[in-house]
Structure formats: structure tokens, C-alpha cells
Amino acid sequence: AFRLSKVLQLTLAVIKPDAVAHPLILEALHEKILENNFIIVRRKDLVWKKEQSETFYAEHSGRFFYQRLVEFMSSGPMRAYVLARDDAIHHWREMMGPTKVFRARHTSPDTIRGQFGLTDTRNTTHGSDSVESAHKEIKFFFPDFCIDRWMNEDEPSFR
Ligand code: RTP
Ligand code: MG
């Protein structure tokens, strides 16, 4: 039988508070998602409490940028998407560009961070970096969304 999971991969994409604060940037990023043939499976606007930010970035605790990262990510509204397409994880990370804003602006000015990144921390977007982290992160942002069920539905829902 035809299975979506044979052709589509899911990723979590997040538009961080620096970009959500600017309606034109938020709109431009939404358009970019559609132009790049992603299917928007789920979408949610949310604000993190500091504890949620700490939990999500626990792997970075102890790094010099951890405190400012955690505070930045809980400083205002974010928009999270579950996106689907072939090779979604890699493709979205390619679109984001390098983490470091200096590199992004100089070597990849056409990427999202190259265009809109403000600093190494306020860098506009997040994207899952592996299948395992995509599953974990989608669960963190969309606890009611069941990936396996969605992948096996005859008529999967989009919102
Ligand atoms: P991400 O995990 O968000 O997809 O980004 P990444 O792999 O490109 O970067 P990573 O090293 O995992 O860092 C996670 C997030 O922490 C913030 N950061 N700030 N020097 C700094 O101030 C610094 N370095 C990293 C960024 O928001 C980065 O996306
Ligand atoms: Mg990372």
C-alpha cells in the first residue's frame, strides 16, 4: 500500500522571538516555507516559560551562551511548525544557514540567518538536526500530534 512515510519526512521548524517580533519577517518566512514545497502539517504560536526553554536546551546547559539562549527563547512569542516534504530535515537546515551570524552573512547571504539573523543567539529559526531529534522535538511542541498515526492515515490532516 502507498505510505506517506516512504516519501515524506517531518521536521520541527521554529521561528524564534526575534523574527516573530517583526510581522514582515514572519510573513516572509511563512512564504519561504510554502515556496520550498513544504506541507504545513501543524502550526502553533506559543510563548515558553523559562523552564520549558531550559528543558528544550538542556543539552547546552553549561555552555557559555546557555543563560542568554534560555532567556531569549522565553522572551516572547514563537511560531512552531511541523513541516513535511522529502528530505525535510536537511532542506530546512540548508535554508536556515549557519548558526553564527557572521558566517551566515558573509558566506551564505541568501539563507534565512544570512538575511535576518541578528546575533549568534538571536538567529531567527530553529530546525531539528536528525530524525531522532525531529521526533523528540515535535513531541515537545505538539504533544497531541502522533507522528506514526499521521504517517499511516489514508487521508492525513493538515492545519
Ligand atoms: P539549533 O540547534 O538551534 O538548530 O542551532 P544549531 O545546531 O545551528 O546551533 P547550536 O550550536 O545547537 O546552538 C543552539 C542555539 O543556541 C544559540 N547559540 N548562541 N555563541 C552564541 O551566542 C550561541 N551559540 C549558539 C543559537 O540560538 C542556536 O541556534
Ligand atoms: Mg543544534
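Quick note: the coordinates plus some simple rules give every number you see, no bench work behind them. Keep in mind that this is a model prediction, so the values were computed, not measured. As a convention, Cβ positions derive from the backbone with ideal geometry for all residues, glycine included, and neighbour counts pool all protein chains shown.
Residues to consider are Asp120, Asp110; find the one that is of a type in the set (D, E, K, R) and under 20 Å from Ala21 (Cα atoms).
Values: Asp110 fails: under 20 Å from Ala21 (Cα atoms).
Sole residue among the options that is of a type in the set (D, E, K, R) and under 20 Å from Ala21 (Cα atoms): Asp120.
Against the condition within 13 Å of the chain's Cα centre (by Cα) and surrounded by fewer than 18 Cβ atoms within 10 Å (Cβ to Cβ), how does Lys6 come out, does it pass? Lay out the reasoning, then the answer.
Numbers: within 13 Å of the chain's Cα centre (by Cα): no; surrounded by fewer than 18 Cβ atoms within 10 Å (Cβ to Cβ): yes.
No; evaluated as a whole, the condition is false for this residue.
Check whether at least one residue in region 57-66 is of a type in the set (Phe, Trp, Tyr), surrounded by fewer than 20 Cβ atoms within 10 Å (Cβ to Cβ), more than 10 Å from ligand 1 (Cβ to nearest atom) and more than 22 Å from Gly114 (Cα to Cα), and report yes or no. Break it down stepwise before answering.
The initial filter retains those residues of region 57-66 that are of a type in the set (Phe, Trp, Tyr), namely 57, 64-66.
From the residues that got through so far, the ones that are surrounded by fewer than 20 Cβ atoms within 10 Å (Cβ to Cβ) too are 57, 64-66.
Checking the rest, the ones that are also more than 10 Å from ligand 1 (Cβ to nearest atom) come to none.
Looking for residues that are of a type in the set (Phe, Trp, Tyr), surrounded by fewer than 20 Cβ atoms within 10 Å (Cβ to Cβ), more than 10 Å from ligand 1 (Cβ to nearest atom) and more than 22 Å from Gly114 (Cα to Cα), one finds none in region 57-66, hence no.
What are the residues in region 33-56 that are within 16 Å of ligand 1 (Cβ to nearest atom), of a type outside the set (Lys, Arg) and over 13 Å from the mean Cα position of the chain (by Cα), if any?
Within region 33-56, Trp48, Gln52, Ser53, Glu54, Thr55 meet the criteria.
Is it the case, given these coordinates, that Leu24 is touching a helix residue (DSSP H, G or I) at 6+ places or on another chain (Cβ under 6 Å) and away from ligand 1 (no atom under 16 Å from the Cβ)?
On the way: touching a helix residue (DSSP H, G or I) at 6+ places or on another chain (Cβ under 6 Å): no; away from ligand 1 (no atom under 16 Å from the Cβ): yes.
No, not satisfied.
Within region 55-84, how many residues are of a type outside the set (Val, Ile, Thr), in a helix (DSSP H, G or I) and closer than 22 Å to Phe145 by Cα? Talk me through it step by step, then tell me what you get.
First, pick out the residues of region 55-84 that are of a type outside the set (Val, Ile, Thr): 56-69, 71-81, 83-84.
Now narrow it down to the ones that are in a helix (DSSP H, G or I): 56, 58-60, 66-69, 71-73.
Keeping just the survivors that are closer than 22 Å to Phe145 by Cα gives 56.
Number of matching residues: 1.
Does Phe102 satisfy the criteria of being surrounded by fewer than 16 Cβ atoms within 10 Å (Cβ to Cβ) and over 15 Å from Ala13 (Cα atoms)?
Working: surrounded by fewer than 16 Cβ atoms within 10 Å (Cβ to Cβ): yes; over 15 Å from Ala13 (Cα atoms): yes.
Yes.
Name every residue in region 33-54 that is out of contact with any strand residue (DSSP E or B) (no Cβ under 7 Å at 6 or more places or on another chain) and assigned to a helix (DSSP H, G or I), in order of residue number.
Leu34, Glu35, Lys50, Glu51, Gln52, Ser53, Glu54
In region 98-114, how many residues are within 11 Å of ligand 1 (Cβ to nearest atom) and in contact (Cβ under 8 Å) with a residue 24 or more places away in the chain?
So the first thing to find is which residues in region 98-114 are within 11 Å of ligand 1 (Cβ to nearest atom), and the list is 98-104, 113.
Keeping just the survivors that are in contact (Cβ under 8 Å) with a residue 24 or more places away in the chain gives 99.
Final tally of qualifying residues: 1.
So His30 ticks every box in (1) of a type outside the set (Val, Ile, Thr); (2) under 18 Å from Trp92 (Cβ atoms); (3) within 12 Å of ligand 1 (Cβ to nearest atom); (4) in a helix (DSSP H, G or I) but one. Which box is left unticked?
Of the numbered conditions (1) of a type outside the set (Val, Ile, Thr); (2) under 18 Å from Trp92 (Cβ atoms); (3) within 12 Å of ligand 1 (Cβ to nearest atom); (4) in a helix (DSSP H, G or I), the odd one out for His30 is (3).
Across region 124-143, what is the total count of residues that are within 12 Å of ligand 1 (Cβ to nearest atom) and outside any helix (DSSP H, G or I)? Walk me through how you get there before you give the answer.
First, pick out the residues of region 124-143 that are within 12 Å of ligand 1 (Cβ to nearest atom): 124-130, 133-134, 137.
Right, trim to outside any helix (DSSP H, G or I) and you get 124-130.
Total meeting the criteria: 7.
Return the only residue of Ile33, Ile25, Ile112 being out of contact with any His (no Cβ under 6 Å at 6 or more places or on another chain), surrounded by 13 or more Cβ atoms within 10 Å (Cβ to Cβ), closer than 22 Å to Pro156 by Cα and β-branched (Val, Ile, Thr). Before the answer, list the steps.
Values: Ile25 fails: closer than 22 Å to Pro156 by Cα; Ile112 fails: closer than 22 Å to Pro156 by Cα.
Going through Ile33, Ile25, Ile112 in turn, the sole match is Ile33.
Evaluate the following for Ile138: is it within 22 Å of Leu8 (Cα to Cα), in contact with a strand residue (DSSP E or B) (Cβ under 8 Å, 6 or more places away or on another chain) and of a type outside the set (Lys, Arg)? Break it down into steps so the answer makes sense when it comes.
Working: within 22 Å of Leu8 (Cα to Cα): yes; in contact with a strand residue (DSSP E or B) (Cβ under 8 Å, 6 or more places away or on another chain): yes; of a type outside the set (Lys, Arg): yes.
So Ile138 fits the description; yes.
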